[in-house]
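I have placed the structure first, in the form of structure tokens, so that the comments after it can refer back to it.
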Amino acid sequence: MKNLKIGFLLHFYQPWWQFSETLKNIVNQCYRPILNLVNESNGFCFTANINLSLLDHFLEKDFPDIREMFKEAARVGKIELVGSPAQHPIFPLIPEFLQRAQIEEDEKRKENQFDIKRNCRGFYLPEMAFAKKDIGLLRECGYRWTVIDDKIFGAKNPGAVPFNHIITYNGFKVFMRSRLWSNIISFDHPAFDEFRFQLEHDIPSWTKGAPAYLIIAMDAETFGHHPGNLFERFLKPMLLNWAGNKIVPIETIGQNFPTRSVSYLHDSSWSTELEDLDRSNPYPLWKSRFNIYHLKLWELVEMAIEHFNHCREDCLKITSSCHWWWISRNNWNPDFMKKGAKKAIEIVRQYDSPKEIADAEKIYKELKELH
């Protein structure tokens, strides 16, 4: 364990339509306690993605202390702040012009409107939805690394999940988030001491005591908002013990371990299973070949984004991943999907021809009637 460094990434995100009362609860139960803890810490705490859609809520709902604490934590280097698409789309599933717009919106508005600047060259892919085709664009936009889930890589390359080197693809660093250790925290709800004991017991058999690193990543709402009392049981004692020593910026890990180039990586997300890959279905919760409603919503959204030049902000919003997630396997609440569908049909009604509007109305009617 003494030779182990940990990259700890928290994903701060809420969709553009999040309810005021829900957001208030999340701020009070999760964001404010976490940021107060960061403020009290003497060292580096974690890597963070903060979506622009969440910052907009803070602006509109008047949470100035949260905005300022994020800003200050990034400024003094207590958090490593990565870039991200503004409205949390599944990045590989949107066209390149929209990818560029999502990145541009995130970078410009965070800096100009919130004075929050990323302090590294990492890029957070929503849901860790990765596609090889997007690496060139990310490099062009100034990014040099991302984090993806290790499940598919480990299954396709037994024994090869990296701990003492960094995978690169076309010169772009791809860190592997441990699904095993991340899920132990998120779903088993251990106390920090239990988790540390398990790490101390299990990690040496993997690393053989050599200098090593481990990437752990999850939603920030895991700590305080989701069940399990994990803010008090886990995050607070972890940062008190590990901030400034055991936990380090992911970009620093990339500087301190050698790289190893690979010729192929599978397109996947942090929810992709082997059977999904075998069925050519790499993003099953957001565009499943076997979910007719996923495909219908994409058809409606693709009609709407044809009018991007007329309604840029709305077109960015309708690609939020949540709209599909809520009509996917194990998740079913079509009312949340309808928020995206409604905005998409409004764009089509305003800008399309009568024939295209009629076609879109048929799709919207079917989606609207889901319950």
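The values are calculated or read from the model by the stated rules, or taken from the named source; none is laboratory data. These figures come from a predicted structure and were not determined experimentally. Positions of Cβ are backbone-derived with ideal geometry, glycine not excepted, and every protein chain shown enters the neighbour counts.
Taking the residues in the range 258-269 that are surrounded by 18 or more Cβ atoms within 10 Å (Cβ to Cβ) and over 19 Å from Thr319 (Cβ atoms) as candidates, determine which candidate is farthest from the chain's Cα centre (by Cα). Step by step, filter the range 258-269, then rank; the result is Leu265. Checking Leu316, Leu300 one by one, the residue that is assigned to a helix (DSSP H, G or I), touching a Pro at 6+ places or on another chain (Cβ under 9 Å), surrounded by 22 or more Cβ atoms within 10 Å (Cβ to Cβ) and touching a residue at least 24 places away in the same chain (Cβ under 8 Å) is Leu316 and no other.
Scan the range 325-371 for residues that are more than 29 Å from the chain's Cα centre (by Cα) and among the aromatic types (Phe, Trp, Tyr) and report the count. Residues meeting the conditions: 1. Among the residues of the range 114-166, write down those that are in contact with an Asp or Glu (Cβ under 7 Å, 6 or more places away or on another chain), of a type in the set (A, V, I, L, M) and in a loop (DSSP other than H, G, I, E, B). Matches in the range 114-166: Ala131, Val161. If you filter the range 323-334 down to residues that are free of Cβ contacts under 8 Å to residues at least 12 places away in the same chain and not hydrophobic (A, V, I, L, M, F, W, C), you find that the one that is nearest to Tyr293 (Cα to Cα) is Asn333.
Just one of (1) over 17 Å from the mean Cα position of the chain (by Cα); (2) surrounded by 14 or more Cβ atoms within 10 Å (Cβ to Cβ); (3) in a helix (DSSP H, G or I) fails for Ser186. It is (1).
Within the range 18-37, residues that are over 16 Å from His226 (Cβ atoms) sit with their Cβ atoms under 6 Å from residues that are at pLDDT 95 or above and buried (at least 21 other Cβ atoms within 10 Å of the Cβ), at 6+ positions apart or across chains, in these pairs: Leu37/Leu239.
Residue check: Phe336 meets all listed conditions (1) in contact with a Phe, Trp or Tyr (Cβ under 8 Å, 6 or more places away or on another chain); (2) within 25 Å of Asp267 (Cα to Cα); (3) assigned to a helix (DSSP H, G or I) but one, namely (2).
Give the residues of the range 189-205 that are part of a helix (DSSP H, G or I) and either surrounded by 15 or more Cβ atoms within 10 Å (Cβ to Cβ) or touching a His at 6+ places or on another chain (Cβ under 6 Å) (or both), sorted by residue number. Working first, answer last.
Within the range 189-205, the subset part of a helix (DSSP H, G or I) is 192-205.
Within the range 189-205, Phe192, Phe195, Arg196, Leu199, Ile203, Pro204 qualify.
Being free of Cβ contacts under 8 Å to residues at least 12 places away in the same chain and farther than 13 Å from Phe234 by Cα is the requirement here; does Asn157 meet it? Write out each step before concluding.
Numbers: free of Cβ contacts under 8 Å to residues at least 12 places away in the same chain: yes; farther than 13 Å from Phe234 by Cα: yes.
Judged against the criteria, Asn157 is a match.
For Glu275, the conditions (1) in contact with a Leu (Cβ under 7 Å, 6 or more places away or on another chain); (2) part of a helix (DSSP H, G or I) are fulfilled apart from (1).
Output yes when any residue across the range 219-226 is among the aliphatic types (A, V, I, L, M) and in a strand (DSSP E or B), and no when none is. Within the range 219-226 (the criterion being among the aliphatic types (A, V, I, L, M) and in a strand (DSSP E or B)), the answer is no, since none of the residues qualifies.
Within the range 270-295, residues that are loosely packed, with under 14 Cβ neighbours inside 10 Å reach partners that are assigned to a helix (DSSP H, G or I) with beta carbons closer than 6 Å, at six or more positions or on different chains, in the pairs Leu274/Ala155.
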